[in-house]
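Working notes, structure below.
The values are calculated or read from the model by the stated rules, or taken from the named source; none is laboratory data. Fair warning: this is a prediction, and the values are worked out from it, not measured in the lab. Here Cβ is always computed from backbone atoms with ideal geometry, including for glycine, and neighbour counts include all displayed protein chains.
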Amino acid sequence: MIEIICVYVFIGMIGDMARRRGRNPFAFWLLFVLCWIFGETFGAVLGYALQDPKASAKPNDLLIYGLALAGAALGAVVAFAVAKLSPPLDGIWRELPAVRRSRLLGALVGGAAGAALGAFAAWCGMGDVKLAQVNWSVVAILISTPAGLGALLGLISGLQTKQRSTPSSIEHDRPLNRWGDHMSPSHR
């Protein structure tokens with residue numbers, strides 16, 4: 001579950017890096033996901049290959065999972081390095097407009113959506129069972145787990161609300177130099 005949250009957060013970060021460079025974020029999202037999956041798969045295969053079959057018939061799951069996570073982290077580093085090294089398309093660095101996000105509203109919407117998804121899964125799994133025979137603890141787990149994950153993801157990302165225009169938002173039209181400073185009109 002923590003891995004899903006990390007992927008979600010990192011995809012947002014690499015998308016912002018692409019937008020600052022005037023590039024399409026979808027290509028960088030795809031690059032990140034492919035590097036993550038390839039690195040994780042390669043790490044798991046490497047962990048399995050490093051096992052000594054004579055020592056034990058059961059593979060060491062901790063070694064396999066540890067190397068899989070290390071491979072995923074290495075894939076993420078490669079994707080971020082590619083995004084960091086790619087220059088802006090037209091030579092102008094862009095400043096992203098400030099986005100107002102409500103984390104409480106995001107948690108409520110994410111939790112409700114997760115609970116609805118969990119209730120649907122419980123209904124599909126136990127639809128033909130009579131009400132007296134339902135294992136309510138399983139139903140509670142099927143509903144609360146996706147609700148908790150949805151609320152956590154909503155809390156992390158927040159839900160975008162309307163942005164009030166402020167005089168400082170006019171500054172976003174001015175181009176930025178490589179270090180993120182606004183360029184004066186004479187240096188454009």
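Residue under question is Tyr8, and the condition is that it be among the hydroxyl-bearing types (Ser, Thr, Tyr) and over 20 Å from the mean Cα position of the chain (by Cα); does it hold? Taking the combined requirement at face value, the residue does not satisfy it. Looking at region 49-159, the helices (runs of 4 or more DSSP H) lying wholly inside it that each contain 1 or more residues that are among the β-branched types (Val, Ile, Thr) and in the same structural domain as Gly22 (by TED's automatic domain parsing) sit at 61-85. Reported count of residues in region 22-61, each being of a type in the set (Gly, Ala, Ser) and within 30 Å of Arg94 (Cα to Cα), is 2.
In the set (1) touching a Ser or Thr at 6+ places or on another chain (Cβ under 8 Å); (2) of a type in the set (A, V, I, L, M, F, W, C); (3) surrounded by fewer than 14 Cβ atoms within 10 Å (Cβ to Cβ), the condition left unmet by Leu104 is number (1). Name the residues in region 142-157 that are surrounded by fewer than 17 Cβ atoms within 10 Å (Cβ to Cβ) and over 16 Å from the mean Cα position of the chain (by Cα), would you? Residues satisfying the conditions are Ser144, Thr145, Gly148.
Taking the condition surrounded by 15 or more Cβ atoms within 10 Å (Cβ to Cβ), closer than 30 Å to Ala147 by Cα and touching a residue at least 24 places away in the same chain (Cβ under 8 Å), does Val109 pass?
Numbers: surrounded by 15 or more Cβ atoms within 10 Å (Cβ to Cβ): yes; closer than 30 Å to Ala147 by Cα: yes; touching a residue at least 24 places away in the same chain (Cβ under 8 Å): yes.
Yes: the conditions hold for Val109.
Here region 43-59 is the region considered, the condition is being at pLDDT 90 or above and surrounded by fewer than 17 Cβ atoms within 10 Å (Cβ to Cβ), and the residue that is farthest from Ala151 (Cα to Cα) is Leu46.
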